[in-house]
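Shown next, in structure tokens, is the structure this report addresses.
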Amino acid sequence: MKLIAKAHFMGLWSIFMLTGLSVVLFSALSSAVTIGENYRGGIVFYIDVSGQHGLVASKTDMRGHFSGEGEGYFTWYDAKAACNTLVNNGYSDWLIPNRWQLNQLYLHNDDVGGFAGDGYWCSSEFSADRSWVQDFSNGYQIQYNKDGKWRVRPIRAF
């Protein structure tokens, strides 16, 4: 009699555990974000291996400009200052992407959209007076004087 009760208990316990695992697994899968999705103030362009963390880009280039230039063009210094005070879609932790992040953004530019076929600043410095720029017309990364005028697409982590 004890063996039958024990087997019955183990069967019920197995069903309970599998049901719980299914609920957790389904919940995790249904909440995973995808590249190109609107999420937490921007558009997802990178997701880490967990599927729960990654990077979003602002839906548009940073607004404003360096004195005497057209809309959307900043020196590296002005871009950093503008990004540090940016509040966009309710978030204030936007930053200029580093070199690797900017390249990921270029690789997924069709998913994010709205890019000019122009250069975009990254936060990675080459030297005291030079930083990297990625050309979104061809993907090349070049070093450029920080007083040059390029565009900025802010990003944030989630």
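The values are calculated or read from the model by the stated rules, or taken from the named source; none is laboratory data. This structure is a prediction, so every number in the text was calculated from the model and none was measured. Here Cβ is always computed from backbone atoms with ideal geometry, including for glycine, and neighbour counts include all displayed protein chains.
Points to keep in mind about this one:
- Close pairs (7 angstrom Cβ cut-off, 6 or more residues apart or separate chains): assigned by TED's automatic domain parsing to the domain that holds Phe66 and within 14 Å of Gln104 (Cα to Cα) in the range 132-152, basic (Lys, Arg) and surrounded by 12 or more Cβ atoms within 10 Å (Cβ to Cβ) anywhere: Gln141/Arg99
- Out of Gly72, Gly41, Gly68, one residue alone is among the small types (Gly, Ala, Ser), on the phi > 0 side of the Ramachandran plot and touching a Phe, Trp or Tyr at 6+ places or on another chain (Cβ under 7 Å). It is Gly41.
- When residues of the range 70-85 are limited to those that are of a type outside the set (Phe, Trp, Tyr) and assigned to a helix (DSSP H, G or I), the one farthest from Asn145 (Cα to Cα): Asn84
- Residue that is surrounded by the fewest Cβ atoms within 10 Å (Cβ to Cβ) [pool: residues in the range 63-98 that are touching a Gly at 6+ places or on another chain (Cβ under 8 Å) and of a type in the set (Gly, Ala, Ser)]: Gly90
- Count - residues of the range 126-158 that are surrounded by 13 or more Cβ atoms within 10 Å (Cβ to Cβ) and among the aliphatic types (A, V, I, L, M): 4
- Meets criteria (in contact with a helix residue (DSSP H, G or I) (Cβ under 8 Å, 6 or more places away or on another chain) and of a type in the set (Gly, Ala, Ser)) for Gly41: no
- Test for Leu55: is it assigned to a helix (DSSP H, G or I) and touching a Lys or Arg at 6+ places or on another chain (Cβ under 8 Å): no
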